[in-house]
Each structure stands twice: as structure tokens, then as C-alpha cells.
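Take a look at the structure below.
The values are calculated or read from the model by the stated rules, or taken from the named source; none is laboratory data. This is a predicted model, so every value here is computed, not measured. Cβ sites come from the backbone with ideal geometry, for glycine too, and all protein chains shown count toward neighbours. Keep in mind that these areas ignore ligands, DNA and RNA; they rest on the heavy atoms of the full protein, side chains included. Shrake-Rupley method; radii C 1.70, N 1.55, O 1.52, S 1.80 Å.
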Amino acid sequence: MIPTLLLAGGLALAAPQADYEAGLGALRDGAHDTARDHFLAALEGGGRDPAVYHGLGNALYRMGDRGGALAAWRRGLRLAPRDGDIAANVDRVRREREDRLAAPPLAPGAFFWMAFLSPRDGGLLASLGATLALGGLLGRALRRRQGGTGRRVGLETWAGALLCALMLLSTWATVRDDAGVVVRADEVRARSALGPEGVALFALHAGAEAALVESAGDSVLIALPDERKGWVPAAAVVSADPGAPFPR
């Protein structure tokens, strides 16, 4: 069954859906470069959906672009953190890559539950909490209007308000959190500074993951889990943020 790509406002756009389906067909036929182009067209048309990123990652991986595939799958996993197929693909590339690096955290800070919830899930739970809180307050007001003394603010109101606040805060933190970058080049050398005075510090290979610290022109400063930092060409890495354009 081919999923419908749900976009902003819950509307499915015909062009991204058609490109997505064409990409799946090209994958089945073994035309991986054609599939890649269709999935990229779906993204550029507004279809930023985990299914599109899943398909794009599959096409790139079969073309030998492991770094690009990992970036695509990580974007899909950020939108659908409970998708076991995408998670398995991410783990496979991490096992195959040359650099042995710790995986980036699944959720920002203390909000561990966001490792299992998408931003959409967080928004829905925040809405549920707000509904519970408002329902409790309206029920109390209605009882008082009908002549009752009413009771103090009930447990459901406090629980709903707490749920709403926690989910809003954790979802906001997840959206704001830097998704990091993935090395797409076969090999790139990180340097101590921009320009010719920079000294080569270490080398990274396709599929290496790092945090993005700073951007300057056509270079970016990255940080590894072991606290090493260095400047690399921006063209050598791909953002894992699902909202960022995916480089062709």
C-alpha cells in the first residue's frame, strides 16, 4: 500500500505524491538514479515526509552514496522516530562506515521521551493536555452556574496543564535542536582554521556524523562526540534536519 504524503495543514499535494509513487516504481525497476530524482522532486514540491526520505535513502544507498543515504534516513527517523525499517537502515550504515563514532543522542537534553515521539506527536499530546485542562475548568464553571458550590480545580485540570506544558516545551526543544550533519564525501580533512593557515587535524569518511557548531561562507565548523572540532567544506556534509533542502 502506497502511503499518502500528508503535508502542512493535512493536505496531500498531487505533484509530490506522483513523484513519490514514480520513485517507488523506479526503485522496483532498479533505476536508482531516476528514483533519486523523483524523491528529490517530491521533497522540493513540499512532500517532506518520512516515506519520501526512506525511499530517497534507499536509492542513494543502492547508488553507493552511504553518507547521503544516512542523512536521508536520519531525516526520516526524526519525523518518524518509531519507524523500525528506517532505524534498521540507519544502524546498518553506522556499522558499515569507516569511522567508529558514537551515535548522536535521539532527543535533546532531559526530554528522553522525544526519542519515541515525532514533533507531530508532541503537538497532538500538547493539544490533548490543553483540552483536558480547559474541560476541567469549564466543568467547574458550569457546576457553579447551576447553583453548586463547585470544587477546587480538579486533578484532570492540573494533569492536562502539566502535559500541555511539557509537550510544548519538549517539542519546541526538539524542533530547535541541531540535527547535526553527515559526511557525504568519501573523505574530508577537518582543519584547525579557515584558509591556508589551517592545519589538518583529522580525517572523516562517508557516513561520519557530527554536530554543526558554526557556518562561515563555504565552510562549516563541526564537533565530534569525543569533543574534536574542525572546519570542513560545507559541500562535504549534508544536514540531517528534515526541513533543510537536500543537496542534489
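Determine if region 22-36 includes at least one residue that is part of a helix (DSSP H, G or I), among the β-branched types (Val, Ile, Thr) and either touching a Cys at 6+ places or on another chain (Cβ under 8 Å) or closer than 20 Å to Ser239 by Cα (or both).
Going through region 22-36, the residues part of a helix (DSSP H, G or I) turn out to be 22-28, 32-36.
Subset that is among the β-branched types (Val, Ile, Thr): 34.
Applying the additional criterion that residues be either touching a Cys at 6+ places or on another chain (Cβ under 8 Å) or closer than 20 Å to Ser239 by Cα (or both) yields none.
The answer is no; no qualifying residue exists.
Considering region 222-234 alone, what residues qualify as being closer than 23 Å to Arg78 by Cα and without any contact (Cβ under 8 Å) to a residue 40 or more places away in the chain?
Within region 222-234, Ala223, Ala234 qualify.
Cβ-Cβ below 6 Å, separation at least six or inter-chain, first residue in region 207-221 and outside any loop (DSSP other than H, G, I, E, B), second of a type in the set (Val, Ile, Thr) and open to solvent by 30 Å² or more (accessible area, probe 1.4 Å): which pairs?
Here the result reads Leu221/Val213, each pair linking region 207-221 to a residue that is of a type in the set (Val, Ile, Thr) and open to solvent by 30 Å² or more (accessible area, probe 1.4 Å).
Being crowded, with 16+ Cβ neighbours inside 10 Å, in a loop (DSSP other than H, G, I, E, B) and charged (D, E, K, R) is the filter here, so list the residues in region 50-101 that pass it.
Asp65, Asp83, Arg97, Asp99
Is region 143-158 home to any residue that is of a type in the set (A, V, I, L, M), open to solvent by 20 Å² or more (accessible area, probe 1.4 Å), out of contact with any Cys (no Cβ under 6 Å at 6 or more places or on another chain) and at pLDDT below 90? If you could, list the steps in order and put the result at the bottom.
In the first step, residues of region 143-158 are kept if they are of a type in the set (A, V, I, L, M); the result is 153, 155.
Pick out the ones that are also open to solvent by 20 Å² or more (accessible area, probe 1.4 Å) and you get 153, 155.
Retained after the next criterion (residues that are out of contact with any Cys (no Cβ under 6 Å at 6 or more places or on another chain)): 153, 155.
Narrowing further to those that are at pLDDT below 90: 153, 155.
There is at least one residue in region 143-158 that is of a type in the set (A, V, I, L, M), open to solvent by 20 Å² or more (accessible area, probe 1.4 Å), out of contact with any Cys (no Cβ under 6 Å at 6 or more places or on another chain) and at pLDDT below 90.
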